[in-house]
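The values are calculated or read from the model by the stated rules, or taken from the named source; none is laboratory data. Quick caveat: nothing in here was measured; it's all calculated off a predicted structure. With ideal geometry, Cβ positions are generated from the backbone for all residues, glycine too; neighbour counts draw on all protein chains shown.
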Amino acid sequence: MQKTISQFIERIHLYQDYFLENQLTNTLEEVDIKALKDLGLLKRGDDLKEIPCQNCDDAHFLQVRVRDGKMYCVCLYEDTDCNYLTSEDVATWNFDVETFLNQLGVKLGIETNVEKMKVQGLWQIGGFSKDSTRHNCYYYQGKQFEEAMAFIKKQPISMRRYVIFTNKQEVSMLETHSLLLIEVKELLSLKKKGFVFDKNLFDEYLINGFRNVIFTPKNGELIVNGRPISLITPSNPEYYFVNILWKNFNEPISHQKIKNYIYEKTGKDYEDDPQKLSHKQKSKIKGESSDPKLIDEIFQTTKDSDGNNSYIMLNPS
């Protein structure tokens, strides 16, 4: 069976407090175990004082004893002699969740403030701002996901979003567009120098998870709530009108910046002033859309922080 870091992450989801040597070697390759130890993510824990009996059908534990410097155990029901133990039988290794989450936060652009919550298995990672909205990030490992969701339910929803990293796919208990669940194993790989986190994939999750509007620059398709409403030809000025607003979703972009961007991308100078040129592009998109009313909701006129006439791209109401 192939040993992968994904399997290791899934084992953590069982919320076990430690790993035995044989559990590590059954889950990870030696090179990965060494990397985790060198990185300080696997730390030596205390030796076990008791171990499960391997000889009885009824589950019970045996005390680890020492005689003449050698560890052993004895089952009073089955054994007539000592069962000697090696260091691998009793040595434990702990996964440093706090260090791991600090690394995750830094690599994914999260302002870290790692803290263990009172809900078992739930950790606060920190947060970041995107689309003019605060995103609060948590990490959950354990078996009582409902408890973590109950905690999130109590948090303020207005102008906030919640990202929960898990080690296993969970079904959301919240029927809200303000919550996004991400399997952390989908984002990471383990190298000799440490964990590598896929920031581009993380950004895709954020876009697809929180935006009702999706624009695919590759083919110019505009999708709202999973329904295509427009197909904008790449290289046309209206395509670049949408593209600059998509790159700055939920942020006002002045008509002048829009005109400059269209000129930069097409190499053509336009006689229309910035405001007229911007309005023309929206009108073209609206005229060719299968749902013109939605276009008005998505592309709205406003002003930027300097008071300049602008357009903004928004989720429809």
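Listing for the model above:
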{"read-out": "From the options Ile312, Ile258, Ile298, residue that is aliphatic (A, V, I, L, M), farther than 30 Å from Leu180 by Cα and surrounded by 13 or more Cβ atoms within 10 Å (Cβ to Cβ)", "value": "Ile258"}
{"read-out": "Boolean, Ile51 is surrounded by 13 or more Cβ atoms within 10 Å (Cβ to Cβ), closer than 30 Å to Lys191 by Cβ and among the β-branched types (Val, Ile, Thr)", "value": "no"}
{"read-out": "Hits in the stretch 136-170 (condition: at pLDDT below 85 and either acidic (Asp, Glu) or touching a helix residue (DSSP H, G or I) at 6+ places or on another chain (Cβ under 9 Å) (or both))", "value": "Gly142, Asn167, Lys168, Glu170"}
{"read-out": "One residue from Ser283, Ser317, Ser290 being modelled with pLDDT under 95 and either surrounded by fewer than 18 Cβ atoms within 10 Å (Cβ to Cβ) or over 22 Å from Asp131 (Cβ atoms) (or both)", "value": "Ser317"}
{"read-out": "Unique residue being out of contact with any Ser or Thr (no Cβ under 7 Å at 6 or more places or on another chain), surrounded by fewer than 17 Cβ atoms within 10 Å (Cβ to Cβ), in contact (Cβ under 8 Å) with a residue 12 or more places away in the chain and of a type in the set (D, E, K, R) when the list is Glu78, Glu30", "value": "Glu78"}
{"read-out": "Residue within the stretch 223-242 that is out of contact with any Pro (no Cβ under 7 Å at 6 or more places or on another chain), under 30 Å from Lys3 (Cα atoms), touching a residue at least 60 places away in the same chain (Cβ under 8 Å) and not hydroxyl-bearing (Ser, Thr, Tyr) present", "value": "no"}
{"read-out": "Count of residues meeting criterion [modelled with pLDDT under 85 and in contact with a strand residue (DSSP E or B) (Cβ under 7 Å, 6 or more places away or on another chain)] in the stretch 21-51", "value": "1"}
{"read-out": "The stretch 103-128, residues that are surrounded by fewer than 18 Cβ atoms within 10 Å (Cβ to Cβ) and either more than 20 Å from Leu206 (Cβ to Cβ) or out of contact with any strand residue (DSSP E or B) (no Cβ under 7 Å at 6 or more places or on another chain) (or both)", "value": "Glu115, Lys116, Met117, Lys118, Val119, Gln120"}
{"read-out": "Residue that is farthest from the chain's Cα centre (by Cα), among those in the stretch 37-70 that are of a type outside the set (D, E, K, R) and under 30 Å from Gly194 (Cα atoms)", "value": "Leu48"}
{"read-out": "Check on Asn113, outside any loop (DSSP other than H, G, I, E, B) and of a type in the set (S, T, N, Q)", "value": "yes"}
{"read-out": "Some residue of the stretch 266-274 being over 23 Å from Leu206 (Cβ atoms) and buried (at least 16 other Cβ atoms within 10 Å of the Cβ)", "value": "yes"}
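So that you can scan it fast, the table gives a plain yes or no per residue for (1) assigned to a helix (DSSP H, G or I); (2) at pLDDT 90 or above; (3) within 30 Å of Leu277 (Cβ to Cβ):
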position: Ser172; (1), (2), (3): no, no, no
position: Thr176; (1), (2), (3): no, no, no
position: Ile182; (1), (2), (3): no, yes, no
position: Leu201; (1), (2), (3): yes, yes, no
position: Glu204; (1), (2), (3): yes, no, no
position: Ile207; (1), (2), (3): yes, no, yes
position: Val242; (1), (2), (3): yes, yes, yes
